[in-house]
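Written out below as structure tokens is the structure these notes cover.
The values are calculated or read from the model by the stated rules, or taken from the named source; none is laboratory data. All values derive from a computational prediction rather than experimental measurement. Every residue, glycine among them, receives a Cβ derived from its backbone with ideal geometry; neighbour counts consider all protein chains shown. Each accessible area value is taken on the protein alone, full model and side chains, heavy atoms only, with ligands, DNA and RNA left out. Shrake-Rupley method; radii C 1.70, N 1.55, O 1.52, S 1.80 Å.
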Amino acid sequence: MSRSNHQHQINLEIKRHEDNIKFLQSEINCLSESILDLQGSLGKHLPANGTGTTNESGATLAEKDETEQILRHEKSAASLLCKLLKSPHATQALNLALTKDVLGIVGIVATLGRVDDDNLSRLLSEYLGLETMLAIVCRTYEGVKVLEKYDADGTIISTAGIHGLGSSIGKSIKGRFLVICLEDLSPYVGGFVADDPQRKLALPKPKLPNGECPPGFLDYAVNTINLDDKNLDCLTSSGHGLRETLFYSLFSRLQIYRTRAEMRLALPCINDGALSLDGGVIKKSGVFILGSRKDIEVKFPATSGESSMPAKYLETEDMIKKLKWERSHVTEDMQREQELLDFAKANFTRQV
């Protein structure tokens with residue numbers, strides 16, 4: 001074989017090894033993504049003490065408890081709204097008051113979503129704060145206007161809107177309260193996770209400067225909120241749901257990590273804040289919240305069931321082990337290809 005033909009063969013061999021390495025690297029990346037997703041599903045089921053504490057009837061009990069927690073804030077607009085919705089006479093009046101806005105009031109922030117466990121519920125609720133958890137959500141600005149009326153001097157008319165309905169059952173509101181209008185929020189613009197009944201947002205995983213996803217990253221807060229069928233069907237006139245309007249507005253791209261230590265290592269890729277399951281809080285880039293955790297009286301209901309938890313947890317752990325085993329073998333194959341590539345390149349250099 002002539003020297004030029006021999007060099008051509010070596011070039012083909014180099015190209016083949018390079019293509020093999022690219023293919024194997026893509027396989028490793030896919031396996032790593034799958035492992036990360038499964039680890040995220042495990043992490044979200046682990047409270048601070050690492051054990052599950054809910055039961056099968058947890059969702060229903062949590063919702064009932066949530067309403068009771070709201071009702072304890074007797075002078076709040078959220079508490080009054082709960083009372084109005086429980087009163088047949090007041091409900092009729094409320095419906096009449098909202099005839100101008102057919103879509104009316106959507107609900108109270110704390111009642112519009114659920115999370116997988118109590119620890120995550122406490123973290124997200126503390127992050128938002130009591131005032132936001134008790135905020136009333138309306139679909140359109142017409143609903144906001146119906147809630148409160150003013151006279152010519154700008155003074156609140158106590159006999160109109162939600163104040164008037166409160167008077168009809170002997171209740172009043174003290175101080176200000178938040179009202180969120182879905183139609184006026186800037187919605188998430190982007191795709192959704194394929195074949196996901198919850199229509200979770202297809203947000204790209206955070207990346208460190210080296211291009212890798214930070215260890216300990218579990219998910220974005222906006223995707224940890226679970227919506228029931230009624231709330232999944234709640235859409236604005238533009239077709240946007242609660243996740244891409246309300247919850248994206250509240251959480252943006254807030255990240256969830258397993259531990260404070262892992263969250264701190266991820267600082268280069270945290271822009272819209274982060275939480276860790278052991279209580280760490282970064283409000284936004286450059287703003288840290290320190291000190292002891294504060295329990296918020298009003299939380300999102302927790303929904304995970306103890307009966308299915310252990311089996312699913314162990315099944316997921318087993319899948320992670322299998323994927324890691326497969327990744328280690330693919331990594332070994334890639335290392336062998338790299339050695340063959342290095343040898344082929346050295347051989348080519350000798351031929352030149």
In terms of the alpha carbon gyration tensor, root eigenvalues a ≥ b ≥ c, rounded if a/c is under 1.5 and otherwise prolate when a/b exceeds b/c or oblate, segment 189-319 is rounded
Pseudo-spin-label distance Asp272 to Ser34, built 7 Å along Cα→Cβ, given in nm, is 2.9 nm
Mean Cβ-within-10 Å packing, highest first, puts peptides 284-290, 247-253, 106-112, 181-187 in the order 106-112, 247-253, 181-187, 284-290
With DSSP loop assignment and no more than 14 other C-beta atoms within 10 Å, the GluC sites (Glu not before Pro) in segment 244-302 are Glu297
Within the under-14-Å Cβ sphere about Leu323, not counting Leu323, Lys/Arg +1 and Asp/Glu -1 give a net charge of -3
One finds the C-alpha centres of segment 201-249 and segment 147-194 to be spaced, in Å, by 26 Å
Per the rule of 0.36 nm per residue minus the C-alpha distance, extending Asp19 to Lys207 adds in nm 65.2 nm
Between the modelled labels at Leu265 and Gln338 (7 Å from Cα along Cα→Cβ) the distance in nm is 1.9 nm
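For segment 67-289, compute Rh as the Kirkwood radius over C-alpha pairs and then the Stokes-Einstein diffusion coefficient at 37 °C and 0.692 mPa s; write the answer in µm²/s, rounded to an integer.
Value of D from the Cα-based Kirkwood radius: 173 µm²/s.
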Ranked output for segments 146-152, 30-36 by mean other Cβ atoms within 10 Å, highest leading, reads 30-36, 146-152
Whole-Å distance linking the alpha carbon centroid of segment 13-34 with that of segment 116-135 is 43 Å
The local net charge around Leu232, scoring Lys/Arg +1 and Asp/Glu -1 for residues other than Leu232 whose Cβ lies under 14 Å from its Cβ, equals 0
For segment 101-167, the Debye formula with one identical point scatterer on each Cα and no solvent gives log10 I(q)/I(0) at q = 0.17, 0.18, 0.23, 0.26 Å⁻¹ as -0.74, -0.79, -0.99, -1.10
Of all DSSP beta bridges having both residues in segment 67-289, the percent classed as antiparallel (nearest 5) is 70 percent
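Residues with beta-carbon under 12 Å from that of Ala266, excluding Ala266: net charge, scoring Lys, Arg +1 and Asp, Glu -1?
Summing Lys/Arg as +1 and Asp/Glu as -1 gives +3.
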Ranked output for segments 123-136, 222-235, 165-178 by mean other Cβ atoms within 10 Å, highest leading, reads 123-136, 222-235, 165-178
For the pair Asp233 and Met319, the simple spin-label estimate (label points 7 Å beyond Cα toward Cβ) gives in nm 3.0 nm
Taking protein heavy atoms only, a 1.4 Å probe, and rounding to whole percent, the accessible area of segment 67-289 owed to carbon and sulfur comes out at 52 percent
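Ile289 to Ser172: FRET efficiency via 1/(1 + (r/R0)^6), r the Cβ-Cβ distance, R0 51 Å, to the nearest 0.05?
Efficiency computed from Cβ-Cβ geometry: 0.90.
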